[in-house]
1. Out of A181, A157, A169, I need the residue that is touching a Pro at 6+ places or on another chain (Cβ under 6 Å), buried (at least 21 other Cβ atoms within 10 Å of the Cβ) and either farther than 16 Å from L18 by Cα or not aliphatic (A, V, I, L, M) (or both). Which one?
2. Of everything in the range 17-28, what is in contact with a helix residue (DSSP H, G or I) (Cβ under 9 Å, 6 or more places away or on another chain), surrounded by fewer than 20 Cβ atoms within 10 Å (Cβ to Cβ) and under 17 Å from F147 (Cα atoms)? Give them in sequence order.
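Any read-out appearing in this document is the output of simple, stated calculations on the displayed coordinates, not a laboratory observation. Here the structure is a predicted model, which means the values were calculated and not measured. Cβ placement follows ideal geometry from the backbone for every residue including glycine, while neighbour counts extend to all protein chains displayed.
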Amino acid sequence: MIPLRDNIPTDRFAVVTLAIIAINVFVFLFLQGPSFSLSVGDNVDQTTVIEYGAIPYRITHPGKECDLVPAEATTSGTETLICQGTPEFREAQRLGVPVEDLNQPPAFLTIFSSMFMHGGWLHIAGNMIFLWVFGNNVEDSMGRFRFALFYLLGGIAAALAQVAISPDATTPLVGASGAIAAVLGGYALLYPRARVLTLFFFFLIFFFEIPALVLLGLWIFLQFLPAVGQLASPDVGGGGGVAYWAHIGGFLFGLAAIKLFAKRRSSEYDRPKYPVY
């Protein structure tokens, strides 16, 4: 399901939302070196992802670096990521396997840099659509500076939620979806009765206008189901490469913090044309 637009007008142009979208697109196009493959994770420069993505193991093990074992030194014939202090790293050292030092930035900085990186074209396209549809109204409710702070704190909360579930995972976390989940949680409380034109794929393409609370409730439900399964396989790679607990953590942050940040709600929302459900 893909939201296309809502029916809540904004009083001010969403400058910060548009700027965040522009930064994400710039980073993806010019710093991640995407190819034209639609496969998530296969069409961006993996060295950049490892260097600036948020690796849970590095966050929970300060000072440890994660390095690439060259393809020619592995039995699989592909580059493999190993982190200092792990059994895999010690085994590589014992065998004399060379590792490639990535000169990674401090782990806490990667929590921020990872928010502006993506794994592929579909990943960034889906995230930016959700951010634009719901972000402009949330920004309008709290002002530009507050929204920027809300967005960044939501991204931090999302990353830490995933790290708490998988503290030893070595798969890099990338994507704006955790921060966007905070925006969705805030929107769900601000405008639960707003109508959202949504595109559904089910063999054919359907368009429905549904209440925001129904759409966002369904979205978070679909995150929760695989998140439970991810508890049995804590590394993000074990969950199809999706950090579901980051989505849940961001959404819960949005629910909890929206009343602290939002100063107003659109006057159009309370007009009689919005039916009560």
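1. One residue alone meets the criteria, A169.
2. Listed by number, the residues that qualify are L18, A19, I21, I23.
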